[in-house]
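The values are calculated or read from the model by the stated rules, or taken from the named source; none is laboratory data. Quick caveat, the model's predicted, so the values are computed rather than measured. Cβ coordinates were reconstructed from backbone atoms using ideal geometry, including for glycine residues, and neighbour counts include every protein chain displayed. We work out accessible area using only protein heavy atoms, side chains counted, and drop any ligands, DNA or RNA first. Shrake-Rupley method; radii C 1.70, N 1.55, O 1.52, S 1.80 Å.
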Amino acid sequence: MTPSNTLAAIALLPLLLQRTHAILPTAAIDVILPDTNSPPITLLASQASFGAVLAEYSRRFREHDGDGNGAPGVGVLPAFPPENDPYLCNEAEGWADYRNHRDGNDGNRDGDDDDLNNNMNIDNRVNNAYPANGPYYQSALLVPRGQCSFERKALSAQRLGASAIIVYGSLSSRYSLRYANSTDDCQDASCDDAKTRTDGYYTNKDVIWPGDKYDYDCGFGRAWIPEEEMEGKLDFTKLPGGYDERNDAFLVGRGEGNLCVRYDASLDGSAGGGGSSTPFAKGCESQRCLVTGRNETFSGDGGLRYEGCCAWDLHVWLYSDNSIPATNEAVTIPTVYITMEEATLLLDVV
């Protein structure tokens, strides 16, 4: 998706914070809504240990229309990755090479003719930045966390011509699959790649579930989700990555649409693992549920139920990726991270 110049503009700014042992945000994102009198929406972010430093607050105003006659914009415009690379990890997997993006080629090694922009040509790039007619010029790519490292995402964003990348938290990033040796049993071409095989090989036994206290804390809210709800509404084996983003509709919010609210363990402690003294809707600040992979048989009806607990939603360190070859160009664009809650606010306005 190309940037929008009508819905919002984004300024990435540094913050001055007192030193602490906790992970604190060190940057601010001002979301400006053009043609409105509304004040900016300010989100807090953590900065990466790689890439460029953020611009000073005094430099936040700039023109976006190229001729200096338009209304002043702020920083960069929001944009999304190519539709066939929503996590911006295709390069990390070897499925794309954005360094070789040319007219009539979306950079993905899939044999199609999708265009990101027919006017773009890699030979016109300067310092890995696309010219002003490219779709990602003066944009900040909004990319969900997960499936590859932060620096891999930033490198791909830079090669696509973005001026910055904002990685946002996601429930999907807390899940993955055990891919090792998964193609040994299948000689068909559909099984050539363990991460894209289409024969329905993977089951919940292959899921790498979130970690207790690292990804979630049942002390802030626990639920026991019936087996029929788990199997009918949730999917943790969709490829690539495992987690189906449509799960979010059933795992987010304070209403009963969130399965952890509907089947709150504080209302029913008959599971073998016990209930919870904290109502999920009140105790879970993130309003998000992670299915933990643990299941229990209820003593009342003998039915199998799956545990769901309150997800952590905190700022994280954005470390560099030592697996990236030294021969690759360095990441030179700013990279920041925002939480799932902040991402909801940002995505709602763009």
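Which of the helices (runs of 4 or more DSSP H) contained wholly in segment 239-350 include at least 1 residues that are at pLDDT below 95 and within 21 Å of the chain's Cα centre (by Cα)? Even if it seems obvious, please write down each step before you answer.
Details: elements: 259-262, 280-283, 340-349.
Because the criterion is at least 1 residues that are at pLDDT below 95 and within 21 Å of the chain's Cα centre (by Cα), the helices (runs of 4 or more DSSP H) in segment 239-350 that meet it are 340-349.
A quick yes/no check of all residues on (1) among the hydrophobic types (A, V, I, L, M, F, W, C); (2) at pLDDT 90 or above; (3) touching a Lys or Arg at 6+ places or on another chain (Cβ under 8 Å):
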| position | (1), (2), (3) |
| --- | --- |
| 142 | yes, yes, no |
| 147 | no, yes, no |
| 161 | no, yes, yes |
| 168 | no, yes, yes |
| 210 | no, yes, yes |
| 213 | no, yes, no |
| 224 | yes, yes, yes |
| 231 | no, yes, no |
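Is there any pair linking a residue in segment 201-214 that is buried (at least 17 other Cβ atoms within 10 Å of the Cβ) to one that is part of a helix (DSSP H, G or I), with Cβ under 9 Å and at least six apart or on different chains, and which?
Close Cβ pairs (under 9 Å, with a partner that is part of a helix (DSSP H, G or I)) amount to 201/191; 204/230; 209/174; 210/171; 210/174.
In segment 245-264, how many are out of contact with any helix residue (DSSP H, G or I) (no Cβ under 8 Å at 6 or more places or on another chain) and open to solvent by less than 50 Å² (accessible area, probe 1.4 Å)?
So the answer is 0.
Need pairs with beta-carbon distance below 6 Å; first residue small (Gly, Ala, Ser) and within segment 23-44, second not in a strand (DSSP E or B); sequence gap 6+ or separate chains.
27/15; 27/54; 28/15
Report yes if some residue within segment 162-177 is touching a helix residue (DSSP H, G or I) at 6+ places or on another chain (Cβ under 6 Å), outside any helix (DSSP H, G or I) and closer than 23 Å to residue 283 by Cβ; otherwise report no.
Checked against the condition, which is being touching a helix residue (DSSP H, G or I) at 6+ places or on another chain (Cβ under 6 Å), outside any helix (DSSP H, G or I) and closer than 23 Å to residue 283 by Cβ, segment 162-177 yields at least one hit.
Please find, among 16, 44, the residue that is on the phi < 0 side of the Ramachandran plot, modelled with pLDDT under 60 and either surrounded by fewer than 17 Cβ atoms within 10 Å (Cβ to Cβ) or not in a loop (DSSP other than H, G, I, E, B) (or both). Outline the logic, then answer.
On the way: 44 fails: modelled with pLDDT under 60.
Criteria check complete, one pass: 16.
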